[in-house]
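Worksheet: one structure, shown below.
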Amino acid sequence: MNFVRGVASKLMRRCDSQLPAELVIIQDHLNKEPLMKPKLISFSSIAAAAIAVSSVFVIETVRAQDEPGMPLGSNPHLRSQSSGQAASPGATKVKMSQKDVNFIQKAAGGGAQEVENGKMAEKQAKSAEVKSIAARIVADHTRLNKELTALATRKGVTFNTSGVRAQNLGSGDFDRLYVTWLEQVHRADIAAFETAAKSADDKELKAWAAKALPTLKQHLAMAQKRG
């Protein structure tokens, strides 16, 4: 029991005036408890000393965190509890609105589809004019896709277009089917890009959509002229 009293006394001196209420109660309990033989130290007294040690550890941890001159979050234990791991420089991504994310993902999928269908048209089209249009589509949308991928990466938006394959445009005159498909998809593309250019929440995405519009309108004009 003398040992337990000694531990409690040292803990009180160590914590100074900031001793928590739990330790004050423990100390009062020890002062009132009659002396017992050394071999018969009560379980409650041992538990009280253990609680005292735990309380001091908590106090020491908080003091270390709040100590003047120590950067906020520099305590590794507190950091690991709040964030799971230390953030690496440059790891933070800009959070985009859901409508901007949806536009990026749809534009990426549509752009990949136009590249694949364009490659198919370069091989299957009979008209030199349609082959030329297809080559232009492939080149322009490959460039736009790369720009969009880079933008999405900076914003922390992910998408996967590796599974996109050329579509079956139907039976009959392939050249006419392809040009008709181009006209349809570019009407939809232009409407979506005009909306993004006006109302996208992310300024960089808004600028990219506006920049891409002239190219999409040229594609539509080529398809309409050939059709």
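Throughout, read-outs are computed from the coordinates displayed, never taken from laboratory work. Values in this document were obtained by computation on a predicted structure and should not be read as measured data. Positions of Cβ are generated from backbone atoms using ideal geometry, with glycine treated the same way; all protein chains shown enter the neighbour counts.
Each label was represented as a point 7 Å from its Cα along the Cα-to-Cβ direction; for LEU177 and LYS95 these points are 4.7 nm apart.
Note on GLU194 and LYS126: with the Förster distance fixed at 25 Å, the Cβ-Cβ geometry gives a FRET efficiency of about 0.15.
Here the Karplus relation 6.51 cos²θ - 1.76 cosθ + 1.60, evaluated at θ = phi - 60°, turns the backbone of segment 127-139 into coupling constants of 7, 5, 5, 5, 4, 5, 4, 4, 4, 5, 4, 4, 5 Hz, with x for every Gly and Pro.
3J(HN,Hα) couplings calculated from phi for segment 184-199 with the Karplus curve 6.51 cos²θ - 1.76 cosθ + 1.60 (θ = phi - 60°) are, in sequence order, 5, 5, 6, 5, 5, 4, 4, 4, 5, 6, 5, 5, 5, 5, 9, 10 Hz; Gly and Pro show x.
Residue-wise HN-Hα couplings along segment 212-226, as the Karplus relation 6.51 cos²θ - 1.76 cosθ + 1.60 with θ = phi - 60° gives them from phi, are 7, 4, x, 5, 5, 5, 5, 4, 4, 5, 5, 5, 5, 5, 6 Hz; Gly and Pro carry x. Beyond 18 Å in Cα-Cα separation lie the following of the pairs LYS95/LYS211; LYS99/LYS155; LYS119/LYS217; LYS155/LYS206; LYS95/LYS155; LYS155/LYS203: LYS95/LYS211; LYS119/LYS217.
The trypsin sites (Lys or Arg not before Pro) of segment 165-206 that DSSP puts in a loop, and whose beta carbon has at most 15 other beta carbons within 10 Å, are ARG165.
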